[in-house]
Amino acid sequence: MSAKPKFAMYWAASCGGCEIAVLNIHEKILDVDANFEVVFWPVAMDAKYKDVEQMEDKSILLTLFNGGIRNEENEYIAKLLREKSQILVAFGSCACEGCVPGLANLRDSRQIVQTAFNTVSTDNPKQVYPMTSYDVPEGEIHIPKIYPTLRTLDQVVDVDYYMPGCPPESHQIAAVIDLVIQVLQGKAQLPPKGSFIGVGNSTVCDECERRRNVKAIASFVRIQDRASELDPSLCLLEQGIPCNGPATRSGCRARCPSAGAQCIGCYGPAEGVTDYGARLMSAFASVIDSNSPEEIDRILDGLVDPAGQFYRFNLAGSLLRAGRSAWAKEKV
Amino acid sequence: MSDESFEPTVIGFTCNWCSYRAADLAGTARVKYPPNIRLIRLMCSGRLDPTFVLKAFSSGADGVLITGCHPGECHYLEQNYKALRRFHLLRRTLQGLGLEPERVKLVWASAAEGVKLAHEIASFVEEIRALGPLHWGGNGSNQSSVISGQSTAHAFKEVPA
Ligand code: SF4
Ligand code: SF4
Ligand code: SF4
Ligand code: FES
(Lines give C-alpha, C1' and ligand atoms only; values in the text may rest on other atoms or scores of the structure.)
(Ligands and ions follow the chains in the order given, each with its own letter.)
Protein backbone atom coordinates (compact mmCIF):
# COMPACT_ATOMS: atom_id res chain seq x y z
CA MET A 1 0.00 0.00 0.00
CA SER A 2 2.62 2.36 0.95
CA ALA A 3 4.58 4.97 -0.85
CA LYS A 4 5.79 6.14 2.54
CA PRO A 5 9.56 6.26 2.95
CA LYS A 6 11.00 3.32 4.84
CA PHE A 7 12.49 3.45 8.33
CA ALA A 8 14.69 0.94 10.16
CA MET A 9 16.36 0.79 13.54
CA TYR A 10 18.86 -1.78 14.72
CA TRP A 11 20.79 -2.62 17.88
CA ALA A 12 24.25 -4.13 17.76
CA ALA A 13 26.49 -4.20 20.88
CA SER A 14 24.32 -1.96 23.04
CA CYS A 15 22.17 -1.95 26.15
CA GLY A 16 18.75 -1.25 24.69
CA GLY A 17 18.56 2.18 26.30
CA CYS A 18 18.69 3.93 22.94
CA GLU A 19 15.59 2.06 21.82
CA ILE A 20 13.80 3.15 24.99
CA ALA A 21 14.91 6.73 24.35
CA VAL A 22 13.24 6.63 20.94
CA LEU A 23 10.01 5.33 22.47
CA ASN A 24 10.37 8.08 25.08
CA ILE A 25 9.56 10.77 22.54
CA HIS A 26 5.93 10.01 23.47
CA GLU A 27 3.32 11.10 20.93
CA LYS A 28 6.05 12.09 18.44
CA ILE A 29 6.36 8.38 17.79
CA LEU A 30 3.00 8.68 15.99
CA ASP A 31 4.68 11.09 13.56
CA VAL A 32 7.20 8.38 12.80
CA ASP A 33 4.34 6.00 12.06
CA ALA A 34 2.44 8.58 10.03
CA ASN A 35 5.41 9.52 7.89
CA PHE A 36 7.37 6.29 7.59
CA GLU A 37 6.81 2.67 6.93
CA VAL A 38 8.76 0.81 9.61
CA VAL A 39 10.35 -2.11 7.76
CA PHE A 40 12.85 -3.40 10.27
CA TRP A 41 13.11 -2.76 13.99
CA PRO A 42 13.82 -5.90 16.01
CA VAL A 43 12.87 -4.37 19.35
CA ALA A 44 9.48 -3.23 18.13
CA MET A 45 8.32 -5.58 15.38
CA ASP A 46 8.93 -8.97 13.89
CA ALA A 47 11.12 -9.04 10.81
CA LYS A 48 13.83 -11.42 9.62
CA TYR A 49 17.33 -10.70 8.39
CA LYS A 50 16.39 -12.42 5.15
CA ASP A 51 13.62 -9.85 4.62
CA VAL A 52 16.25 -7.14 4.77
CA GLU A 53 18.58 -9.11 2.47
CA GLN A 54 15.82 -9.19 -0.13
CA MET A 55 15.19 -5.45 -0.08
CA GLU A 56 16.55 -3.37 -2.92
CA ASP A 57 19.71 -1.44 -2.27
CA LYS A 58 19.04 2.04 -0.88
CA SER A 59 15.37 1.26 -0.45
CA ILE A 60 15.33 2.26 3.23
CA LEU A 61 15.37 6.03 3.57
CA LEU A 62 16.48 6.28 7.20
CA THR A 63 18.24 3.79 9.46
CA LEU A 64 19.07 4.58 13.06
CA PHE A 65 21.86 2.21 14.06
CA ASN A 66 22.72 1.91 17.72
CA GLY A 67 25.41 -0.24 19.23
CA GLY A 68 29.05 -0.90 18.48
CA ILE A 69 30.53 -3.70 16.37
CA ARG A 70 31.59 -6.44 18.74
CA ASN A 71 31.04 -9.61 16.72
CA GLU A 72 30.52 -11.04 13.25
CA GLU A 73 26.79 -10.66 13.36
CA ASN A 74 27.00 -6.95 14.28
CA GLU A 75 29.35 -6.40 11.36
CA TYR A 76 27.22 -8.32 8.91
CA ILE A 77 24.08 -6.36 9.77
CA ALA A 78 25.96 -3.04 9.73
CA LYS A 79 27.16 -3.77 6.19
CA LEU A 80 23.74 -5.01 5.12
CA LEU A 81 21.94 -1.95 6.46
CA ARG A 82 24.55 0.30 4.87
CA GLU A 83 23.76 -1.22 1.48
CA LYS A 84 20.04 -0.97 1.97
CA SER A 85 19.88 2.55 3.45
CA GLN A 86 20.13 6.00 1.97
CA ILE A 87 20.79 7.65 5.32
CA LEU A 88 22.63 5.71 7.99
CA VAL A 89 22.80 7.40 11.38
CA ALA A 90 25.20 6.28 14.10
CA PHE A 91 22.67 6.60 16.87
CA GLY A 92 23.83 6.92 20.46
CA SER A 93 27.21 6.79 22.08
CA CYS A 94 27.72 3.05 21.43
CA ALA A 95 27.53 3.44 17.66
CA CYS A 96 29.36 6.79 17.63
CA GLU A 97 32.27 6.03 19.95
CA GLY A 98 31.89 2.60 21.57
CA CYS A 99 30.50 3.75 24.91
CA VAL A 100 30.39 1.44 27.92
CA PRO A 101 30.45 -1.79 25.84
CA GLY A 102 33.66 -0.40 24.33
CA LEU A 103 35.27 -0.34 27.77
CA ALA A 104 35.67 -4.08 27.33
CA ASN A 105 38.48 -3.05 24.95
CA LEU A 106 40.60 -2.72 28.09
CA ARG A 107 40.84 -6.54 28.13
CA ASP A 108 41.26 -9.24 25.54
CA SER A 109 38.17 -11.14 24.51
CA ARG A 110 39.30 -14.32 26.22
CA GLN A 111 39.28 -12.49 29.56
CA ILE A 112 35.85 -11.08 28.75
CA VAL A 113 34.40 -14.52 28.07
CA GLN A 114 36.10 -15.92 31.18
CA THR A 115 34.62 -13.18 33.32
CA ALA A 116 31.16 -13.46 31.80
CA PHE A 117 30.98 -17.20 32.42
CA ASN A 118 32.73 -17.20 35.80
CA THR A 119 31.36 -14.32 37.81
CA VAL A 120 30.17 -14.68 41.39
CA SER A 121 26.64 -14.90 40.09
CA THR A 122 27.42 -17.57 37.49
CA ASP A 123 27.50 -21.16 38.62
CA ASN A 124 29.63 -22.94 36.03
CA PRO A 125 31.09 -26.03 37.73
CA LYS A 126 31.77 -27.85 34.46
CA GLN A 127 33.52 -24.81 32.99
CA VAL A 128 31.27 -24.71 29.95
CA TYR A 129 32.13 -21.95 27.49
CA PRO A 130 30.39 -20.98 24.26
CA MET A 131 31.84 -22.32 21.03
CA THR A 132 31.35 -20.65 17.69
CA SER A 133 30.20 -23.87 16.07
CA TYR A 134 28.81 -27.05 17.52
CA ASP A 135 27.47 -30.31 16.14
CA VAL A 136 24.02 -31.37 17.25
CA PRO A 137 21.89 -34.20 15.80
CA GLU A 138 20.01 -31.64 13.71
CA GLY A 139 23.21 -30.36 12.13
CA GLU A 140 25.91 -27.79 12.89
CA ILE A 141 24.95 -24.66 14.75
CA HIS A 142 26.85 -21.39 14.78
CA ILE A 143 27.02 -18.43 17.05
CA PRO A 144 28.71 -15.23 15.89
CA LYS A 145 32.40 -14.95 16.59
CA ILE A 146 33.46 -12.22 19.03
CA TYR A 147 36.13 -9.83 17.71
CA PRO A 148 39.30 -8.82 19.60
CA THR A 149 37.91 -5.32 20.07
CA LEU A 150 34.67 -3.47 19.77
CA ARG A 151 34.69 -0.99 16.89
CA THR A 152 32.55 2.07 16.31
CA LEU A 153 30.10 1.98 13.43
CA ASP A 154 32.23 4.27 11.27
CA GLN A 155 35.28 2.07 11.75
CA VAL A 156 33.32 -0.57 9.83
CA VAL A 157 31.02 1.20 7.35
CA ASP A 158 30.50 4.66 5.94
CA VAL A 159 28.26 6.74 8.23
CA ASP A 160 26.13 9.71 7.13
CA TYR A 161 25.29 11.34 10.46
CA TYR A 162 26.23 11.02 14.10
CA MET A 163 23.82 11.41 16.96
CA PRO A 164 25.75 11.01 20.21
CA GLY A 165 24.47 10.65 23.77
CA CYS A 166 23.96 7.74 26.13
CA PRO A 167 21.21 7.76 25.16
CA PRO A 168 20.50 10.84 23.03
CA GLU A 169 18.10 13.13 24.86
CA SER A 170 14.49 12.65 23.81
CA HIS A 171 14.01 16.32 22.90
CA GLN A 172 16.96 15.94 20.51
CA ILE A 173 15.55 12.76 18.96
CA ALA A 174 12.21 14.48 18.45
CA ALA A 175 13.96 17.44 16.82
CA VAL A 176 15.86 15.19 14.42
CA ILE A 177 12.70 13.31 13.44
CA ASP A 178 10.97 16.64 12.86
CA LEU A 179 13.84 17.72 10.67
CA VAL A 180 13.73 14.58 8.53
CA ILE A 181 9.96 14.96 8.10
CA GLN A 182 10.45 18.58 7.05
CA VAL A 183 13.06 17.46 4.54
CA LEU A 184 10.56 14.93 3.16
CA GLN A 185 8.03 17.74 2.78
CA GLY A 186 10.58 19.91 1.00
CA LYS A 187 10.65 22.45 3.83
CA ALA A 188 14.20 21.90 5.01
CA GLN A 189 17.52 20.56 3.82
CA LEU A 190 19.67 17.83 5.25
CA PRO A 191 22.89 18.98 6.90
CA PRO A 192 26.19 18.10 5.18
CA LYS A 193 27.21 14.46 5.35
CA GLY A 194 29.28 13.64 8.40
CA SER A 195 27.50 16.19 10.60
CA PHE A 196 26.62 15.62 14.22
CA ILE A 197 22.88 16.06 14.58
CA GLY A 198 20.70 16.68 17.60
CA VAL A 199 23.59 18.29 19.48
CA GLY A 200 25.15 21.64 20.23
CA ASN A 201 28.51 22.72 18.91
CA SER A 202 30.21 23.82 22.10
CA THR A 203 30.87 22.08 25.41
CA VAL A 204 28.77 21.01 28.37
CA CYS A 205 30.53 23.75 30.37
CA ASP A 206 29.03 26.30 27.99
CA GLU A 207 25.54 25.07 28.83
CA CYS A 208 26.27 24.67 32.52
CA GLU A 209 24.97 27.38 34.82
CA ARG A 210 27.40 26.75 37.64
CA ARG A 211 29.66 29.67 38.45
CA ARG A 212 33.37 29.49 37.72
CA ASN A 213 35.91 31.66 39.49
CA VAL A 214 38.92 29.91 40.99
CA LYS A 215 41.26 28.40 38.46
CA ALA A 216 43.19 26.05 40.69
CA ILE A 217 42.41 23.03 42.80
CA ALA A 218 44.39 21.33 45.55
CA SER A 219 42.77 17.90 45.43
CA PHE A 220 40.49 15.61 43.46
CA VAL A 221 37.80 13.74 45.29
CA ARG A 222 35.00 11.41 44.29
CA ILE A 223 31.62 13.07 44.46
CA GLN A 224 30.21 10.52 46.91
CA ASP A 225 32.96 11.45 49.36
CA ARG A 226 32.25 15.16 49.36
CA ALA A 227 28.58 15.35 48.40
CA SER A 228 27.39 17.08 51.57
CA GLU A 229 29.97 19.87 51.38
CA LEU A 230 29.44 20.84 47.77
CA ASP A 231 28.36 24.33 46.83
CA PRO A 232 25.36 23.81 44.50
CA SER A 233 26.08 26.92 42.45
CA LEU A 234 29.84 26.51 41.98
CA CYS A 235 31.59 24.59 39.20
CA LEU A 236 32.14 20.99 40.31
CA LEU A 237 35.62 20.74 38.81
CA GLU A 238 36.69 23.76 40.81
CA GLN A 239 35.49 21.92 43.91
CA GLY A 240 37.75 19.01 43.04
CA ILE A 241 35.09 16.77 41.50
CA PRO A 242 36.37 15.30 38.23
CA CYS A 243 33.77 16.72 35.85
CA ASN A 244 34.13 15.93 32.14
CA GLY A 245 32.21 19.00 30.98
CA PRO A 246 35.23 20.82 29.47
CA ALA A 247 35.76 18.19 26.74
CA THR A 248 32.19 17.01 26.20
CA ARG A 249 29.89 18.09 23.40
CA SER A 250 26.90 20.17 24.40
CA GLY A 251 23.36 19.17 23.61
CA CYS A 252 22.00 17.72 26.85
CA ARG A 253 21.45 21.12 28.53
CA ALA A 254 24.11 20.16 31.08
CA ARG A 255 21.76 17.64 32.55
CA CYS A 256 24.10 16.11 35.14
CA PRO A 257 25.80 19.20 36.61
CA SER A 258 22.43 20.89 36.91
CA ALA A 259 21.17 17.88 38.86
CA GLY A 260 24.19 17.98 41.17
CA ALA A 261 26.32 15.28 39.55
CA GLN A 262 29.46 15.60 37.46
CA CYS A 263 29.30 15.20 33.68
CA ILE A 264 30.74 11.80 32.81
CA GLY A 265 30.97 12.61 29.13
CA CYS A 266 28.18 10.72 27.40
CA TYR A 267 27.85 13.17 24.52
CA GLY A 268 31.40 12.41 23.48
CA PRO A 269 34.16 14.71 22.24
CA ALA A 270 33.28 18.35 21.64
CA GLU A 271 33.64 19.76 18.13
CA GLY A 272 37.27 19.78 16.99
CA VAL A 273 38.52 17.38 19.68
CA THR A 274 40.66 14.57 18.24
CA ASP A 275 41.07 12.52 21.36
CA TYR A 276 38.56 13.01 24.14
CA GLY A 277 40.80 11.76 26.93
CA ALA A 278 43.72 13.89 25.80
CA ARG A 279 41.58 17.01 25.88
CA LEU A 280 40.45 16.20 29.40
CA MET A 281 43.99 15.47 30.54
CA SER A 282 44.94 18.98 29.37
CA ALA A 283 41.90 20.49 31.08
CA PHE A 284 42.49 18.72 34.38
CA ALA A 285 46.24 19.35 34.32
CA SER A 286 45.69 23.07 33.92
CA VAL A 287 43.60 23.39 37.10
CA ILE A 288 46.02 21.49 39.35
CA ASP A 289 47.46 24.01 41.76
CA SER A 290 51.05 22.85 42.06
CA ASN A 291 54.39 22.97 40.33
CA SER A 292 56.09 20.30 42.38
CA PRO A 293 56.21 16.73 41.07
CA GLU A 294 55.47 15.20 44.49
CA GLU A 295 52.53 17.47 45.15
CA ILE A 296 51.15 16.88 41.64
CA ASP A 297 51.32 13.16 42.28
CA ARG A 298 49.53 13.53 45.58
CA ILE A 299 46.73 15.50 43.93
CA LEU A 300 46.45 12.98 41.11
CA ASP A 301 46.08 10.14 43.60
CA GLY A 302 42.55 11.51 44.07
CA LEU A 303 41.74 10.54 40.47
CA VAL A 304 41.20 6.88 41.16
CA ASP A 305 40.83 5.54 37.64
CA PRO A 306 42.16 7.95 35.02
CA ALA A 307 41.63 5.61 32.05
CA GLY A 308 38.02 5.05 33.10
CA GLN A 309 37.52 8.74 33.86
CA PHE A 310 38.78 9.85 30.44
CA TYR A 311 37.57 7.00 28.24
CA ARG A 312 34.36 5.73 29.81
CA PHE A 313 32.48 6.47 26.60
CA ASN A 314 35.19 7.06 24.08
CA LEU A 315 37.71 4.24 24.35
CA ALA A 316 36.80 2.53 21.06
CA GLY A 317 36.66 5.91 19.33
CA SER A 318 39.93 7.18 20.82
CA LEU A 319 43.31 7.33 19.12
CA LEU A 320 44.49 4.18 20.86
CA ARG A 321 41.09 2.48 20.56
CA ALA A 322 41.82 -0.18 23.18
CA GLY A 323 43.98 -1.24 26.05
CA ARG A 324 47.10 -3.06 25.12
CA SER A 325 46.01 -6.60 25.96
CA ALA A 326 43.04 -6.39 23.60
CA TRP A 327 45.43 -6.28 20.67
CA ALA A 328 47.43 -9.32 21.65
CA LYS A 329 46.91 -12.14 19.21
CA GLU A 330 44.38 -14.45 20.62
CA LYS A 331 41.94 -17.23 19.98
CA VAL A 332 38.65 -17.30 21.81
CA MET B 1 60.32 -9.65 25.06
CA SER B 2 63.90 -9.25 24.01
CA ASP B 3 64.21 -9.10 20.30
CA GLU B 4 67.85 -8.74 19.22
CA SER B 5 67.01 -6.93 16.02
CA PHE B 6 64.50 -4.52 17.58
CA GLU B 7 65.28 -0.89 16.81
CA PRO B 8 62.95 1.34 18.84
CA THR B 9 61.19 4.24 17.19
CA VAL B 10 61.21 7.21 19.53
CA ILE B 11 59.50 10.55 18.97
CA GLY B 12 61.03 13.56 20.72
CA PHE B 13 58.99 16.71 21.26
CA THR B 14 61.47 19.50 21.91
CA CYS B 15 61.09 23.10 22.95
CA ASN B 16 62.33 25.61 20.39
CA TRP B 17 64.19 27.77 22.93
CA CYS B 18 66.15 25.22 24.85
CA SER B 19 66.20 21.54 24.09
CA TYR B 20 65.88 21.90 20.31
CA ARG B 21 68.95 24.16 20.43
CA ALA B 22 70.62 21.69 22.74
CA ALA B 23 70.04 18.99 20.14
CA ASP B 24 71.40 21.34 17.51
CA LEU B 25 74.43 22.03 19.63
CA ALA B 26 75.01 18.32 20.09
CA GLY B 27 74.99 17.99 16.31
CA THR B 28 77.38 20.90 15.78
CA ALA B 29 79.73 19.55 18.43
CA ARG B 30 79.53 16.11 16.80
CA VAL B 31 78.21 14.55 19.98
CA LYS B 32 76.54 11.38 18.77
CA TYR B 33 73.05 10.27 19.72
CA PRO B 34 71.14 7.31 18.30
CA PRO B 35 69.23 7.82 15.06
CA ASN B 36 66.17 6.14 16.60
CA ILE B 37 64.78 9.48 17.72
CA ARG B 38 62.74 11.74 15.45
CA LEU B 39 62.64 15.25 16.83
CA ILE B 40 59.57 17.41 16.46
CA ARG B 41 60.03 21.03 17.44
CA LEU B 42 57.38 22.82 19.47
CA MET B 43 57.57 26.48 20.48
CA CYS B 44 57.41 25.44 24.13
CA SER B 45 56.84 22.25 26.10
CA GLY B 46 53.54 23.83 27.15
CA ARG B 47 52.35 23.25 23.59
CA LEU B 48 52.63 19.52 24.20
CA ASP B 49 49.07 18.31 23.87
CA PRO B 50 48.66 14.73 25.19
CA THR B 51 46.98 14.09 21.82
CA PHE B 52 50.44 14.29 20.18
CA VAL B 53 51.75 11.51 22.40
CA LEU B 54 48.74 9.26 21.80
CA LYS B 55 49.00 9.95 18.08
CA ALA B 56 52.67 8.96 18.15
CA PHE B 57 51.89 5.66 19.87
CA SER B 58 48.94 4.88 17.62
CA SER B 59 51.16 5.57 14.60
CA GLY B 60 53.86 3.13 15.66
CA ALA B 61 56.17 4.88 18.12
CA ASP B 62 57.61 2.75 20.91
CA GLY B 63 58.51 5.66 23.17
CA VAL B 64 58.01 9.42 23.45
CA LEU B 65 60.50 11.88 24.94
CA ILE B 66 59.29 15.32 25.96
CA THR B 67 61.87 17.99 26.62
CA GLY B 68 61.63 21.55 27.86
CA CYS B 69 63.47 24.37 29.58
CA HIS B 70 64.43 23.91 33.21
CA PRO B 71 61.82 24.89 35.81
CA GLY B 72 61.80 28.66 36.14
CA GLU B 73 63.39 29.16 32.70
CA CYS B 74 60.45 28.69 30.34
CA HIS B 75 60.24 31.55 27.84
CA TYR B 76 56.49 31.61 28.31
CA LEU B 77 56.81 31.79 32.08
CA GLU B 78 55.07 28.80 33.60
CA GLN B 79 54.19 26.64 30.61
CA ASN B 80 56.72 23.93 31.36
CA TYR B 81 54.96 23.35 34.68
CA LYS B 82 51.81 22.75 32.70
CA ALA B 83 53.75 20.21 30.64
CA LEU B 84 54.91 18.60 33.88
CA ARG B 85 51.34 18.21 35.14
CA ARG B 86 50.12 16.82 31.82
CA PHE B 87 53.00 14.41 31.76
CA HIS B 88 52.15 13.03 35.20
CA LEU B 89 48.50 12.61 34.31
CA LEU B 90 49.29 11.08 30.93
CA ARG B 91 51.56 8.45 32.46
CA ARG B 92 48.82 7.38 34.84
CA THR B 93 46.30 7.13 32.03
CA LEU B 94 48.65 5.09 29.85
CA GLN B 95 49.19 2.72 32.72
CA GLY B 96 45.43 2.25 32.97
CA LEU B 97 45.44 1.33 29.27
CA GLY B 98 48.08 -1.31 29.82
CA LEU B 99 51.11 0.62 28.50
CA GLU B 100 54.26 0.90 30.55
CA PRO B 101 54.32 4.51 31.80
CA GLU B 102 58.10 4.49 31.25
CA ARG B 103 57.43 4.77 27.53
CA VAL B 104 56.98 8.50 28.09
CA LYS B 105 59.74 10.55 29.65
CA LEU B 106 60.16 14.21 30.49
CA VAL B 107 63.62 15.79 30.47
CA TRP B 108 64.70 19.37 31.14
CA ALA B 109 67.63 20.61 29.05
CA SER B 110 68.87 24.15 28.46
CA ALA B 111 70.25 25.36 25.14
CA ALA B 112 73.76 24.83 26.49
CA GLU B 113 73.22 21.23 27.51
CA GLY B 114 73.82 19.49 24.19
CA VAL B 115 75.94 16.75 25.69
CA LYS B 116 73.48 16.12 28.49
CA LEU B 117 70.56 15.89 26.02
CA ALA B 118 72.46 13.50 23.71
CA HIS B 119 73.10 11.39 26.76
CA GLU B 120 69.46 11.43 27.82
CA ILE B 121 68.36 10.44 24.32
CA ALA B 122 70.79 7.54 24.22
CA SER B 123 69.71 6.20 27.59
CA PHE B 124 66.00 6.61 26.78
CA VAL B 125 66.46 4.62 23.55
CA GLU B 126 68.07 1.87 25.60
CA GLU B 127 65.23 1.93 28.15
CA ILE B 128 62.71 1.53 25.33
CA ARG B 129 64.79 -1.21 23.74
CA ALA B 130 64.60 -3.07 27.04
CA LEU B 131 60.81 -2.64 27.20
CA GLY B 132 60.48 -4.12 23.72
CA PRO B 133 58.31 -3.08 20.79
CA LEU B 134 54.88 -1.65 21.47
CA HIS B 135 53.24 -3.04 18.32
CA TRP B 136 50.19 -0.94 18.84
CA GLY B 137 47.46 -2.58 16.81
CA GLY B 138 45.03 0.23 17.31
CA ASN B 139 44.84 1.51 13.78
CA GLY B 140 42.03 -0.92 13.21
CA SER B 141 43.11 -1.86 9.71
CA ASN B 142 44.61 -5.09 10.95
CA GLN B 143 41.49 -6.15 12.78
CA SER B 144 40.41 -8.61 10.11
CA SER B 145 43.81 -10.24 10.06
CA VAL B 146 43.51 -10.84 13.79
CA ILE B 147 40.21 -12.59 13.30
CA SER B 148 40.78 -16.06 12.09
CA GLY B 149 38.22 -18.07 10.26
CA GLN B 150 35.18 -17.65 8.14
CA SER B 151 33.97 -14.52 6.44
CA THR B 152 30.87 -12.76 7.59
CA ALA B 153 29.13 -13.40 4.30
CA HIS B 154 26.99 -16.29 5.41
CA ALA B 155 23.46 -15.54 6.50
CA PHE B 156 22.89 -15.41 10.22
CA LYS B 157 20.29 -17.42 11.98
CA GLU B 158 17.79 -15.28 13.81
CA VAL B 159 18.65 -14.55 17.38
CA PRO B 160 15.58 -15.21 19.51
CA ALA B 161 14.33 -12.04 21.14
S1 SF4 C 1 24.42 4.67 23.90
FE2 SF4 C 1 23.95 4.24 26.06
S3 SF4 C 1 21.71 4.01 26.07
FE4 SF4 C 1 22.38 3.79 23.94
S5 SF4 C 1 22.66 1.59 23.68
FE6 SF4 C 1 24.65 2.47 24.24
S7 SF4 C 1 24.78 2.19 26.45
FE8 SF4 C 1 22.64 1.96 25.89
S1 SF4 D 1 33.39 21.51 34.69
FE2 SF4 D 1 31.39 20.58 35.04
S3 SF4 D 1 30.47 21.78 36.70
FE4 SF4 D 1 32.20 22.97 35.90
S5 SF4 D 1 31.27 24.33 34.37
FE6 SF4 D 1 31.95 22.50 33.29
S7 SF4 D 1 30.16 21.16 33.24
FE8 SF4 D 1 29.76 22.72 34.82
S1 SF4 E 1 26.01 16.23 31.48
FE2 SF4 E 1 27.51 14.91 30.46
S3 SF4 E 1 27.06 12.84 31.17
FE4 SF4 E 1 25.29 14.13 31.69
S5 SF4 E 1 23.86 13.87 29.96
FE6 SF4 E 1 25.13 15.66 29.52
S7 SF4 E 1 26.86 14.88 28.31
FE8 SF4 E 1 25.88 13.13 29.30
S1 FES F 1 59.99 27.82 26.26
FE2 FES F 1 61.11 25.94 26.66
S3 FES F 1 59.65 24.92 27.91
FE4 FES F 1 58.59 26.80 27.59
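Overview of results
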| quantity | calculated |
| --- | --- |
| Long-range neighbours under 8 Å by Cβ, at least six apart or interchain, first residue within 14 Å of another protein chain (Cβ to nearest Cβ) within the stretch B:27-52, second within 16 Å of ligand 3 (Cβ to nearest atom) | B:50/A:277; B:51/A:279 |
| Qualifying positions in the stretch A:205-263 - more than 9 Å from ligand 3 (Cβ to nearest atom), under 20 Å from residue A:280 (Cβ atoms) and among the hydroxyl-bearing types (Ser, Thr, Tyr) | A:219 |
| Strands (runs of 3 or more DSSP E) wholly inside the stretch A:14-118 that include at least 1 residues being within 14 Å of another protein chain (Cβ to nearest Cβ) and away from ligand 2 (no atom under 16 Å from the Cβ) | A:37-40, A:69-71 |
| All positions within the stretch A:219-254 that are touching a residue at least 40 places away in the same chain (Cβ under 8 Å), within 10 Å of ligand 2 (Cβ to nearest atom) and either within 14 Å of another protein chain (Cβ to nearest Cβ) or not polar (S, T, N, Q) (or both) | A:237, A:238, A:242, A:244, A:245, A:246, A:247, A:254 |
| Any chance residue B:105 is at pLDDT 95 or above and away from ligand 1 (no atom under 16 Å from the Cβ) | yes |
| Selected residue (criterion: farthest from residue B:98 (Cα to Cα)) from residues of the stretch B:60-74 that are touching a residue at least 12 places away in the same chain (Cβ under 8 Å) and surrounded by fewer than 19 Cβ atoms within 10 Å (Cβ to Cβ) | B:73 |
| Pair list, Cβ under 7 Å, 6 or more apart: the stretch A:165-176 residue under 13 Å from residue A:93 (Cβ atoms), other residue of a type in the set (Ser, Thr, Tyr) and part of a helix (DSSP H, G or I) | A:165/A:93; A:166/A:93 |
| Within the stretch B:53-89, tally of residues that are in contact with a strand residue (DSSP E or B) (Cβ under 6 Å, 6 or more places away or on another chain), within 14 Å of chain A (Cβ to nearest Cβ) and of a type in the set (A, V, I, L, M) | 6 |
| The stretch A:197-218 residues that are over 17 Å from residue A:233 (Cβ atoms), paired with ones that are surrounded by 11 or more Cβ atoms within 10 Å (Cβ to Cβ) and basic (Lys, Arg) (beta carbon under 6 Å, 6 or more apart) | A:199/A:249 |
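The values are calculated or read from the model by the stated rules, or taken from the named source; none is laboratory data. Just so we're clear, the structure is a prediction, and the values are computed from it rather than from any experiment. Counting neighbours? That spans all protein chains shown, and the Cβs are built from the backbone with ideal geometry, glycine included.
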